[in-house]
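Written out below as structure tokens is the structure these notes cover.
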Amino acid sequence: MRQAHLAGRTRGLRPSQLRQAEKLSHRRHPAEHGADQLTLNRLADMALEMEQPLHLLVDARGLCRLLWIGPLTESGQLQSHLTDSARRRTGDRSRWRLMSCLPGSNSAALDPDPREAVVALDLQPELWLRFMARPERGGQRAARGWLPSPDASLGWAAADAQDLESLCEQPPSALDDNRPPMASPREAEDQERVLLLTLSGGDAQRAERDLAELEGLVRSAGAQPVMVCNQKHSTGNPQTLWGTGKLQEAAIEVRRHRASLVVTDRELTPVQARNLERWLDCPVMDRTELILDIFAQRAASAAGRLQVELAQLRYRLPRLIGRGRSLSRQGGGIGTRGPGETQLEKDRRAISRRIETLRRGLLQLQEHRARLRDRREGLHRLALVGYTNAGKSSLLNALCGKRESQRVLAENKLFATLDPTTRRLAFPREGAAADELLITDTVGFIRDLPAALREAFRATLEETLDADLLLLVVDLGDPDWPGQLKAVHGLLDSLGCGQPRQVVANQIDRCDAEAIEHIRQLEADVIYLSATTGTGLQGLLNKLSMRFWGDNSRADTVAAAHEAPPPWQS
């Protein structure tokens, strides 16, 4: 069975150089010592001849598992070349040793480059031995050992600078000064660990609230935010948005906190996403994709799944990355003719066909809901709109959820419900049939709602556009309620919604007097209530009865049914 793997910049090497490299990769190093000096001397001669850095990855038994030619750029490339037997020994990887031979003449190269430091951390070696290929006066080669350290800026702490001969004779344990090893960012855990990469403007309070919302989105997706890397917004590099220094810091923090994903607070273009993944050597997800992931988890009905899939495909279509570089291309110019097309074009056409199918299904969904609205002609319709997690579902349960079968899901979670739910609220009359009001709970809004979601959920939002009155539910217990109210008004205006709007201040039992006074200054006619305790429901019912039927006598009968606490609160 093949012991070692030769990879990297092997193209252009002579057959004799490849054979020599293969022989060196099969030489065994002492298990109890740092390295075999004769092998490293031959490796140095080869590095000078090739004018390329060479890297050896040696396991706990002294067997070379990988000989990499060229600089360390992406950890995924190195790990993909490890043999299957090496991958199975994941428990022994903390005892691996990485040896890097550098062809330059400047001894300052013994300090690891930030990019190489990140890749080396992913390989999880016990010791990283870096030495110069060109010998100094006296025939000795400058060398330095590096140990993984979570306290160091680059994740590596330098041992005492020594020559190559001394380091080869010492076992790695002799260099360890009880520094705790840095754990792998790829460890499997019950909850995914996420690093947040943010850009903040001049308003510190606004930046703090946006960060709190992003953390809430991450937790709603089922992950755990473990670290925040923030940079002040400036005219930086448009290819990455963040500066190279901040990205190097974030790459180290990913390894230090064992994060498996990076989430940004800005929507990224396909080029920016690829550049960030190349810099961080870690999967990157922007805010839009995070919201799409939450919607995919929450979609319960067939209509909801259809709309989420359509939004996801529209988002991913321009972000496809072709992998078959060797495949020929189809075209009409010189050098573009060939027997077929790339797999990328096939994927794009398949996704385009699926989008067209979903678009037709979405049109059928709009027609179906239009027919349902036609059947309800003659009934007054009310829509509950507002920011996500503002208490719309709780208010619907407080008004119409006397029985278990009538209640909808209400959780303290962003985007807990996606599908619109309609309930009937009866207003009894003496000697006549009760008047009925249709109340619809709609999907929650959020600041900077992705365009793909806005287009895909147009069938759902049409419930809002067709209502006679909109109840804008505002959570006064949230410190950012003014910004949320402004965002809801802006989204309704962008949808061309001209229906009357009535602001309902929710959670008055959890807010302070300043919030009540502030919203009174912003909105002249505000209804104050608490959907969880039932406080203020009488005033809301009076307002609805007066608006739709001209009197509030029938509201007392409805309110009597809400005096006792609902069964789910007892």
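Report the residue count in segment 276-315 for those that are within 17 Å of Leu195 (Cβ to Cβ) and open to solvent by less than 40 Å² (accessible area, probe 1.4 Å).
9
Give me the pairs, please: first residue somewhere in segment 141-152 and within 28 Å of Asp45 (Cβ to Cβ), second residue anywhere and hydroxyl-bearing (Ser, Thr, Tyr), beta-carbon distance under 7 Å, and either six or more positions apart or on two chains.
Hits for this filter: Ala142/Ser107.
Select from segment 234-271 the residues that are open to solvent by 10 Å² or more (accessible area, probe 1.4 Å), in contact (Cβ under 8 Å) with a residue 60 or more places away in the chain and part of a loop (DSSP other than H, G, I, E, B) and list them in ascending order.
Listed by number, the residues that qualify are His257, Arg258, Ser260, Asp265, Arg266, Glu267.
Which one is farthest from the chain's Cα centre (by Cα) among residues in segment 137-153 that are charged (D, E, K, R) and closer than 17 Å to Ser100 by Cα?
Applying the filter and picking the extreme gives Arg141.
Is it the case that some residue within segment 544-552 is assigned to a loop (DSSP other than H, G, I, E, B), modelled with pLDDT of 55 or more and open to solvent by less than 30 Å² (accessible area, probe 1.4 Å)? Let's see the steps before the verdict.
If we filter segment 544-552 for residues that are assigned to a loop (DSSP other than H, G, I, E, B), which is where we start, we get 550-552.
Those left that are additionally modelled with pLDDT of 55 or more: 550-552.
Still in the running and open to solvent by less than 30 Å² (accessible area, probe 1.4 Å): none.
Checked segment 544-552: no residue is assigned to a loop (DSSP other than H, G, I, E, B), modelled with pLDDT of 55 or more and open to solvent by less than 30 Å² (accessible area, probe 1.4 Å).
Tell me, yes or no, whether segment 367-382 has at least one residue that is at pLDDT 70 or above, assigned to a strand (DSSP E or B) and either open to solvent by less than 50 Å² (accessible area, probe 1.4 Å) or among the aromatic types (Phe, Trp, Tyr) (or both).
So far as segment 367-382 goes, yes, one or more of its residues are at pLDDT 70 or above, assigned to a strand (DSSP E or B) and either open to solvent by less than 50 Å² (accessible area, probe 1.4 Å) or among the aromatic types (Phe, Trp, Tyr) (or both).
Identify, from the list Leu418, Leu399, Leu425, the residue that is surrounded by 14 or more Cβ atoms within 10 Å (Cβ to Cβ), part of a strand (DSSP E or B) and aliphatic (A, V, I, L, M).
Being surrounded by 14 or more Cβ atoms within 10 Å (Cβ to Cβ), part of a strand (DSSP E or B) and aliphatic (A, V, I, L, M) holds for just one of Leu418, Leu399, Leu425, which is Leu425.
Kindly evaluate Ala250 against the criterion of being at pLDDT 70 or above and under 30 Å from Arg97 (Cβ atoms). Step through it out loud before you land on a result.
Numbers: at pLDDT 70 or above: yes; under 30 Å from Arg97 (Cβ atoms): yes.
So Ala250 passes the test.
Go through (1) touching a residue at least 40 places away in the same chain (Cβ under 8 Å); (2) among the basic types (Lys, Arg); (3) under 30 Å from Phe295 (Cβ atoms) for Arg547 and report which single condition fails.
Condition not satisfied by Arg547: (3).
Scan segment 517-537 for residues that are outside any loop (DSSP other than H, G, I, E, B) and closer than 24 Å to Glu411 by Cα and report the count.
Matching residues across segment 517-537 total 3.
Among the listed residues Ala223, Ala212, identify the single one that is surrounded by 19 or more Cβ atoms within 10 Å (Cβ to Cβ) and at pLDDT 90 or above.
The match here is Ala223.
When residues of segment 60-82 are filtered for being open to solvent by 10 Å² or more (accessible area, probe 1.4 Å) and without any contact (Cβ under 8 Å) to a residue 60 or more places away in the chain, how many remain?
6
Looking at Gln499, Gln507, can you tell me which residue is more than 27 Å from the chain's Cα centre (by Cα) and open to solvent by less than 40 Å² (accessible area, probe 1.4 Å)?
Values: Gln499 fails: open to solvent by less than 40 Å² (accessible area, probe 1.4 Å).
So the residue among Gln499, Gln507 that is more than 27 Å from the chain's Cα centre (by Cα) and open to solvent by less than 40 Å² (accessible area, probe 1.4 Å) is Gln507.
The values are calculated or read from the model by the stated rules, or taken from the named source; none is laboratory data. Since this is a predicted model, take the numbers as computed values, not measurements. Heads up, the Cβs are rebuilt from the backbone with ideal geometry, glycines too, and the neighbour counts pull from every protein chain shown. Areas reflect the complete protein model, heavy atoms only, side chains present, ligands, DNA and RNA absent. Shrake-Rupley method; radii C 1.70, N 1.55, O 1.52, S 1.80 Å.
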